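The values are calculated or read from the model by the stated rules, or taken from the named source; none is laboratory data. These numbers come from a predicted model, not from an experiment. Using ideal geometry, Cβ is built from the backbone for each residue, glycine included, and neighbour counts are taken over all protein chains shown. SASA here: full protein model, heavy atoms, side chains in, ligands and nucleic acids out. Shrake-Rupley method; radii C 1.70, N 1.55, O 1.52, S 1.80 Å.
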Amino acid sequence: QGQLVESGGGLVQPGGSLRLSCAASGSIFSRNAMGWYRQAPGKQRELVAIISLGGSTNYPDSVKGRFTISRDNAKNTVYLQMNSLKPEDTAVYYCNNVLRTWPWGQGTQVTVSS
């Protein structure tokens, strides 16, 4: 079971970029497909990116072409590069394995506003 610590969020203007990081404790990180999720106020948590053990990625249409997920197994870290940010990307961002079975971290707030 992993412990997850997200970082890298902040306030950014529309069109800007941010890079989020998620550090996972535990040796099982490298044996799990990972995902980034987000939750906006009053909405359900949604998946925004996944990366397989082999590095294959997938994204919903809402972020495809703007977000890029990557992982560094040596550092037990998964990243989310977010470009061309829109106000509707405002949310708290979390990472977890794709089955969402680990305890959630505190998340990192991303606010896109002028």
Criterion (out of contact with any Gly (no Cβ under 7 Å at 6 or more places or on another chain), open to solvent by less than 40 Å² (accessible area, probe 1.4 Å), modelled with pLDDT of 95 or more and not small (G, A, S)) met by exactly one of R38, R45: R38
Extreme residue, farthest from the chain's Cα centre (by Cα), among residues of region 93-113 that are polar (S, T, N, Q), assigned to a loop (DSSP other than H, G, I, E, B) and at pLDDT 95 or above: S113
Residue count, region 78-92 (criterion: part of a loop (DSSP other than H, G, I, E, B), open to solvent by less than 70 Å² (accessible area, probe 1.4 Å) and more than 24 Å from G54 (Cα to Cα)): 3
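Taking into account only those residues within region 51-77 that are assigned to a loop (DSSP other than H, G, I, E, B) and among the charged types (D, E, K, R), which is least open to solvent (accessible area, probe 1.4 Å)? Give the derivation first.
Step one: filter region 51-77 for residues assigned to a loop (DSSP other than H, G, I, E, B), giving 52-56, 59-66, 76.
Next, only the ones that are among the charged types (D, E, K, R) stay: 61, 64, 66.
On the way: D61: 128, K64: 111, R66: 29 Å².
Across region 51-77, the extreme among qualifying residues is R66.
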Check on G16, under 12 Å from L4 (Cα atoms), in contact (Cβ under 8 Å) with a residue 60 or more places away in the chain and open to solvent by less than 40 Å² (accessible area, probe 1.4 Å): no
Residue list for region 93-114, filter: surrounded by fewer than 22 Cβ atoms within 10 Å (Cβ to Cβ) and of a type in the set (A, V, I, L, M): V98, L99, V112
